[in-house]
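Visitor: Please see the structure below; I have some questions.
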Amino acid sequence: MTYAIAAAGTGGHVNPGIAVAEALVDRGVDRDSILFVGGARFEAEAVPRAGFPFIGFELTKLRRSLTPDNLKIPAVLRRTSAAMAHEIRRAGGRAVLGMSGYVTVPAAMAARRAGLPFILQEQNAHAGIAARFAARRAVKTFLGLPGKAERLPRSKLIGNPLRSEIAGFDRRALRQQARRRYGLEAATPVLGVLGGSQGARVLNDAVSGMVNAMSAVGSILHLTGGSAIEEMQRRAQRSSLPWVCLSYEPQMEYFYAAVDLVVCRAGAMTVSELAATGTPSLLVPLTRVGQAWNADLLSNSGGAEIVAEGDVGSLPAKVDGLLANERRLAAMSRAARSGALRDAAGIIADQLIEVANA
């Protein structure tokens, strides 16, 4: 019996799929019986690195601008869904899970072709076009954040699937080890900067301008994204502050344990991880993809403050003000944690097993 998981594009779609796969393994499913399908981006490296079989397919997505490329979408979907259905049947598939994003459409079509139950997991507070299409074909849709996505049929809010190390996070237990991991001083305030698995240019540029304007920061721990790592490391070498730059951190529990405050985007998985770890944050949402709705979970509870992209110049003063106020940081940490939902990976794994055995 094989469980197929469709996840592609960024860590925000792929990592929760891996979390569900690990929950299936915890329930006795063999790793070789969990087949990931996707494209040629982040998933092509992350899934095999996690120890699961992976097959890449031709993928395409709807462009918001008027372009002839959109005319190719129906033909690509037909080819890819047929190829996916063939591979899933060949592997002995019994259930398909779509992790939202553009791979979800051919995955939902493939499940229908193969006569298999399809489950959808939508990470964001506001569902995209692909999720809205796939939800109509899903026996169940599991939601990561409260918001407009709750209008999807047969949907249930359970939180986003998190790795067990994040779901069971203990900052105090990890703190010293995390600081040593990055070569950071044990007693000084650390600012974390996080742009998601692909990085965020506006944050990378903003932190460069912040270095000399902050007085309460002892050091900076910066996840830059792969394309920006060399440039940001050069900037860090010229910095007056200790500034550690990494392209990516596969074990994010150490990042959260090491920092006192995070400046970041408001991707759905980032928001869920900030809540689970009780990490205070300054969120700079990418509004064109709906991150402002994601940010509401933390901003409404008091666990985060929102900074518009056009107002990133205010970040140094905000960072200094928060890092100098331990009581405020502690209150933000408690508020962030109050909105955490940590059991999603197990809930989805149990549902996959149930529909596969029905």
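Visitor: Count, please, the residues in segment 104-118 that happen to be crowded, with 24+ Cβ neighbours inside 10 Å and over 10 Å from Ala134 (Cβ atoms).
Guide: 1
Visitor: Among the residues that make up segment 192-204, is at least one of them over 22 Å from Asn124 (Cα atoms) and among the hydrophobic types (A, V, I, L, M, F, W, C)?
Guide: no
Visitor: Which condition breaks for Gly101 when tested against (1) in contact with a helix residue (DSSP H, G or I) (Cβ under 6 Å, 6 or more places away or on another chain); (2) modelled with pLDDT of 95 or more?
Guide: Here Gly101 meets the rest and fails (2).
Yes or no, residue by residue, for (1) part of a loop (DSSP other than H, G, I, E, B); (2) β-branched (Val, Ile, Thr):
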residue: Val263; (1), (2): no, yes
residue: Thr279; (1), (2): yes, yes
residue: Arg288; (1), (2): no, no
residue: Leu297; (1), (2): no, no
residue: Ala317; (1), (2): no, no
residue: Ala330; (1), (2): no, no
residue: Arg337; (1), (2): no, no
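Residues are listed down the side, and each one gets a yes or a no for (1) under 22 Å from the mean Cα position of the chain (by Cα); (2) modelled with pLDDT of 85 or more; (3) hydrophobic (A, V, I, L, M, F, W, C):
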{"residue": "Glu185", "(1), (2), (3)": "no, yes, no"}
{"residue": "Leu191", "(1), (2), (3)": "yes, yes, yes"}
{"residue": "Gly218", "(1), (2), (3)": "no, yes, no"}
{"residue": "Gly225", "(1), (2), (3)": "yes, yes, no"}
{"residue": "Ile229", "(1), (2), (3)": "yes, yes, yes"}
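Visitor: Could you list, in sequence order, the residues of segment 121-152 that are among the basic types (Lys, Arg) and buried (at least 24 other Cβ atoms within 10 Å of the Cβ)?
Guide: Those that are among the basic types (Lys, Arg) and buried (at least 24 other Cβ atoms within 10 Å of the Cβ): none in segment 121-152.
Visitor: Turning to a different aspect of this structure: What's the number of the condition Phe36 fails, among (1) out of contact with any helix residue (DSSP H, G or I) (no Cβ under 9 Å at 6 or more places or on another chain); (2) buried (at least 24 other Cβ atoms within 10 Å of the Cβ)?
Guide: Only one criterion is unmet by Phe36, namely (1).
Visitor: So, one more: Counting only residues that are assigned to a helix (DSSP H, G or I) and of a type in the set (Ser, Thr, Tyr), how many does segment 1-40 have?
Guide: 1
Visitor: From Gln233, Gln177, grab the single residue that is of a type outside the set (Val, Ile, Thr), without any contact (Cβ under 8 Å) to a residue 24 or more places away in the chain and surrounded by fewer than 18 Cβ atoms within 10 Å (Cβ to Cβ).
Guide: Gln233
The values are calculated or read from the model by the stated rules, or taken from the named source; none is laboratory data. Keep in mind it's a predicted model, so treat the numbers as computed, not measured. Cβ: placed from backbone, ideal geometry, glycine included. Neighbour counts: every protein chain shown.
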